[in-house]
Structure formats: C-alpha cells, structure tokens
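Visitor: Handing you a structure now.
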Amino acid sequence: MRDAATFWDGIAERYAARKVSDPETYELTLRRTAERLRPGDRALEIGCGTGTTALRLAPSVASLTATDLSGEMIRIAEGRAAEAGAGNVRLLRAGLSDAALDGEPYDAVLAFNLLHLLDDLPAAARRIRALLKPGGLFISKSAALPSPQPLSFRLIRLIVPVMQALGKAPAVVFRPVTEVEAAIEAAGFSLLATEDHGAPGRGRFIVAQAV
Ligand SMILES: C[S@@+](CC[C@H](N)C(=O)[O-])C[C@H]1O[C@@H](n2cnc3c(N)ncnc32)[C@H](O)[C@@H]1O
C-alpha cells in the first residue's frame, strides 16, 4: 500500500473534478457547521482536500487555515482560493501530526471525511484537543459503522480491500460510531451534537467542545 500522501496526490485531479454526490446533505453539513462558528474565530481545517468546504465556511470566521497532507490537493486548493479571492484562507501542506500546525491554539478545528482514514483515532483526537483552546470546538463529519450495520456497509467492507489492492482506495478504518465518539470524549471533549447526515454511517456529524 502506498503512503497516504502519495495516494491522495495521485487522485487529486480526479477528486477535484468530482461532483458532490449528495448536494442536499452537503449543504446540511455546511449549515450545521456554520451555525457553530463565530465571526471572530480562528479556525483550522485538517484534511481540507481541494478546499471546497474551506472556501464555503471562510465567510463564517475571521481566519481559516486549511491544511492537507497532500501537496497536490493543496496546489488545487490554492488555485481555487485565488480564483475566489478568499483573503482570510491560508493553505498549508501539513498532516495532522505536523509541527507546522502548532502555535496559538485555535477556536475551532474542522475535519470532513477524514476520521475514518486515520489509523490511530485516540491519538488523533488528543492531537486535535491540543490544537484547541479550552471551550474550542472540534467539528467533524466522517463515515462510521452504525448499529445495526446495514447491508450496504457489509458490501463496502468486502469491496474496499479489493479496491485497496488495486490502488483505487485509501486505507480505511471501519469503526463503530460509538467507538469514534468515545475516542473523542476520552481525549478531553464533551459532545454537543451527534447527527447522521445522509444514510446512517455515511456521514456522522459530531460537534465536540474542548473541556
Ligand atoms: C476523503 S478526502 C476529504 C477531503 C475534504 N475534507 C472533503 O470533504 O472533500 C481526505 C483528505 O484527507 C487528507 N489526509 C489524509 N490523511 C491525513 C492526515 N493524517 N493529515 C491531514 N490530511 C490527511 C487527504 O490527503 C485527503 O485530501
């Protein structure tokens, strides 16, 4: 298996060309996220991909540092930010554990479609907690296994290893929703909201506050 940055670099152009698969659900997630942000916030997005979501949320905050492990994703996001004239968005090639993210703690950390790609979620949640001010928000949406597990998920779990062997899917960890939420709480957060955006398991939306 290639490393994550190489995988995402390799598919960045195709990812950028993809249409949002469920626009209604995407808008719901944007709306719910924007409701939690404040105009004075300094926000950080991890795993921002091609920057589409960062550019939509930037008007809700004072500044948004949008970061991604993949240099190709960041290159595309930079082009989009320049085109949009987004003056309060800073793009940075950096993984979650990168020291470049350290410094003054943030009011909000955002992560969309990322948590199921991280192999050590408890460590990632602790790292995100360390990047936030006390009272700051961690807002995420990612795939997680609902209970009971629908047939579609059983099929996905059979198909993904084949796709991975062909280099067409990244490493994915299928964690139960309960495990994701417990890892976030254990890292020093209290959960303010947990919602299913789209079919259960496809997009678990979580708002967690740093205690
Ligand atoms: C499924 S894409 C999601 C992109 C965007 N957030 C979205 O919702 O369209 C996952 C992104 O996370 C990035 N990524 C994967 N592991 C990462 C890590 N450890 N730190 C930062 N970014 C990471 C990948 O490069 C990729 O751009």
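Visitor: Would you confirm, using the coordinates I've provided, whether L118 is touching a residue at least 12 places away in the same chain (Cβ under 8 Å), closer than 29 Å to V211 by Cβ, within 16 Å of the ligand (Cβ to nearest atom) and surrounded by 14 or more Cβ atoms within 10 Å (Cβ to Cβ)?
Guide: Details: touching a residue at least 12 places away in the same chain (Cβ under 8 Å): yes; closer than 29 Å to V211 by Cβ: yes; within 16 Å of the ligand (Cβ to nearest atom): yes; surrounded by 14 or more Cβ atoms within 10 Å (Cβ to Cβ): yes.
Taking the combined requirement at face value, the residue satisfies it.
Visitor: Consider only pairs whose beta carbons are under 9 Å apart and that are at least six residues apart or on different chains; among these, list those whose first residue lies in the range 9-27 and is in contact (Cβ under 8 Å) with a residue 12 or more places away in the chain and farther than 14 Å from R75 by Cβ and whose second residue is within 12 Å of the ligand (Cβ to nearest atom) and of a type in the set (G, A, S).
Guide: Pairs that qualify, where the first residue is in contact (Cβ under 8 Å) with a residue 12 or more places away in the chain and farther than 14 Å from R75 by Cβ and the partner is within 12 Å of the ligand (Cβ to nearest atom) and of a type in the set (G, A, S), are D22/G203; T25/G203.
Visitor: Go through (1) under 30 Å from I11 (Cα atoms); (2) without any contact (Cβ under 8 Å) to a residue 60 or more places away in the chain one by one and return the number of the condition R126 breaks.
Guide: (2)
Visitor: Another question, if that's okay. For the range 70-171, which fully contained helices (runs of 4 or more DSSP H) count at least 3 residues that are over 17 Å from the mean Cα position of the chain (by Cα)? Spell out the reasoning first.
Guide: Details: elements: 71-84, 121-131, 151-165.
Here the list reads 71-84, 151-165.
Visitor: Taking the stated definitions as given, is R38 among the basic types (K, R), more than 12 Å from the ligand (Cβ to nearest atom), part of a loop (DSSP other than H, G, I, E, B) and surrounded by fewer than 22 Cβ atoms within 10 Å (Cβ to Cβ)?
Guide: Values: among the basic types (K, R): yes; more than 12 Å from the ligand (Cβ to nearest atom): yes; part of a loop (DSSP other than H, G, I, E, B): yes; surrounded by fewer than 22 Cβ atoms within 10 Å (Cβ to Cβ): yes.
Considered against the rule, which asks whether it is among the basic types (K, R), more than 12 Å from the ligand (Cβ to nearest atom), part of a loop (DSSP other than H, G, I, E, B) and surrounded by fewer than 22 Cβ atoms within 10 Å (Cβ to Cβ), R38 comes out as yes.
Visitor: Can R32 be described as within 15 Å of the chain's Cα centre (by Cα), basic (K, R), surrounded by fewer than 20 Cβ atoms within 10 Å (Cβ to Cβ) and more than 12 Å from the ligand (Cβ to nearest atom)? Before you say what the answer is, go through the steps one by one.
Guide: Details: within 15 Å of the chain's Cα centre (by Cα): yes; basic (K, R): yes; surrounded by fewer than 20 Cβ atoms within 10 Å (Cβ to Cβ): yes; more than 12 Å from the ligand (Cβ to nearest atom): yes.
The answer is yes for R32.
Visitor: Exactly one of these conditions fails for N113: (1) surrounded by 17 or more Cβ atoms within 10 Å (Cβ to Cβ); (2) on the phi > 0 side of the Ramachandran plot; (3) not charged (D, E, K, R). Give me its number.
Guide: (1)
Visitor: With the condition kept exactly as written, say whether any residue in the range 96-106 is at pLDDT 95 or above, buried (at least 16 other Cβ atoms within 10 Å of the Cβ) and of a type in the set (D, E).
Guide: no
Visitor: Scan the range 41-69 residue by residue and report those that are part of a loop (DSSP other than H, G, I, E, B) and more than 14 Å from the ligand (Cβ to nearest atom). Quick ask: steps written out before the conclusion?
Guide: Narrowing the range 41-69 to residues part of a loop (DSSP other than H, G, I, E, B): 41, 47-51, 61-62, 69.
Matches in the range 41-69: D41, V61, A62.
Visitor: Here's something else I'd like to know. Taking interchain pairs and intrachain pairs at least six residues apart, which have beta carbon atoms under 8 angstrom, with the first residue in the range 139-166 and under 11 Å from R202 (Cα atoms) and the second hydroxyl-bearing (S, T, Y) and crowded, with 16+ Cβ neighbours inside 10 Å?
Guide: Partner pairs satisfying both residue conditions: K141/T29.
The values are calculated or read from the model by the stated rules, or taken from the named source; none is laboratory data. Small disclaimer: the values here were computed from a predicted structure and weren't measured. Ideal geometry is used to build each Cβ from the backbone, glycine not excepted, and the neighbour counts take in all protein chains shown.
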